[in-house]
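Just below is one structure, and these are the notes that go with it.
The values are calculated or read from the model by the stated rules, or taken from the named source; none is laboratory data. Note that the structure is predicted; figures quoted are calculated from it, not measured. Cβ placement follows ideal geometry from the backbone for every residue including glycine, while neighbour counts extend to all protein chains displayed. Keep in mind that these areas ignore ligands, DNA and RNA; they rest on the heavy atoms of the full protein, side chains included. Shrake-Rupley method; radii C 1.70, N 1.55, O 1.52, S 1.80 Å.
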Amino acid sequence: MLSKKKFLTDTFFYGISIIFNKILAVLTLPLLTFFINQSELGIFDFFNYLLLFFGILVVFGQDSALGRYLHECQNDREKKALISQSLLFQIIIILIFICTTWIILKDRIGNESNNDILLLLILLQLPAFFFINFTLNLLKWSFRRNAYLILSILN
């Protein structure tokens, strides 16, 4: 019975955290539309989704695999080794992705249009996006609710 209660409590807590984060995103929409026009908002939204797509493409399920194998570790030393290996692997993949994208688009980015500058910003945001998601997942899997809630709201 205790595991069912803990499961329901955790599901409720993390679900409420995600819902609260999404509500904050919806509430900021009127603020964004007040300061930027509709076409700029469309460009901003496109590049925001591009960041999410790149994030998913680069991580390619590594975070879910880490969550699955983390609970099979016998002691803290094994957990730390698994987390370090996953983090290092994902950092290498992100660096390869950013460098490859930069090399491919280097000639095109020389024009320095607004969209090219936004694409550069997206590439530079990718590591921060990755580290925030990696940290959120670790906090969720280690059941550190307060830290998870604070980081998800600040995100």
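At full extension, residue 3 and residue 56 could sit 15.9 nm farther apart than now, given 0.36 nm per residue minus the alpha carbon distance. Given the rule -39500 (n - 2.57) for each run of at least 4 DSSP H residues, summed and divided by the residues of the chain, what is its mean residue ellipticity at 222 nm, to the nearest 500 deg cm²/dmol? Helix contribution divided over all residues of the chain: -31000 deg cm²/dmol. Carbon and sulfur: what percent of the chain's accessible surface (1.4 Å probe)? Looking at the chain in its full context, I get 69 percent from C and S.
Cα to Cα, under 20 Å, and not fewer than 8 places away if on the same chain: which lysines meet these conditions relative to residue 80? Answer for residue 80, where 20 Å is the Cα cut-off: 140, listed by chain and number. If you sort the three axes of the alpha carbon gyration tensor as a ≥ b ≥ c, you get a/c of 1.5 or more for the chain and a/b no higher than b/c, which makes it oblate.
Sorting 128-134, 144-150 by average packing, meaning the other beta carbons within 10 Å per residue, from highest down gives 128-134, 144-150.
Less than 20 Å from a label point 7 Å out along the Cα-to-Cβ axis of residue 19: which backbone N atoms in region 122-155 qualify, by residue? 140, 145-155, by backbone N distance to the label point.
Annotation: residue 58 carries an accessible surface of approximately 10 Å², with a 1.4 Å probe and no ligand, DNA or RNA atoms counted.
Helix by helix, which DSSP H runs in the chain go 27 Å or more along their axis at the Cα atoms and have an average Kyte-Doolittle hydropathy of 0.0 or more?
Those that clear 27 Å and a mean of 0.0 are 2-35, 38-59, 76-109, 114-141.
In the full protein context, the chain carries 72 Å² of accessible surface per residue, based on a 1.4 Å probe and ignoring ligands, DNA and RNA.
For the pair residue 43 and residue 91, a Förster radius of 25 Å applied to the C-beta separation gives a FRET efficiency near 0.30, rounded to the nearest 0.05.
Provide the gained length on full extension for the span residue 75 to residue 29, in nm with one decimal, where the gain is 0.36 nm per separating residue minus the Cα-Cα distance.
Contour length minus the Cα-Cα distance gives 12.1 nm.
Taking the chain as a Gaussian network of alpha-carbon nodes connected by springs under 10 Å, the highest mean-square fluctuation of the residues 24, 87, 50 belongs to 24. Looking at region 1-89, the chymotrypsin sites (Phe, Trp or Tyr not before Pro) that sit in a DSSP loop and have at most 13 other Cβ atoms within 10 Å of their own Cβ are 60.
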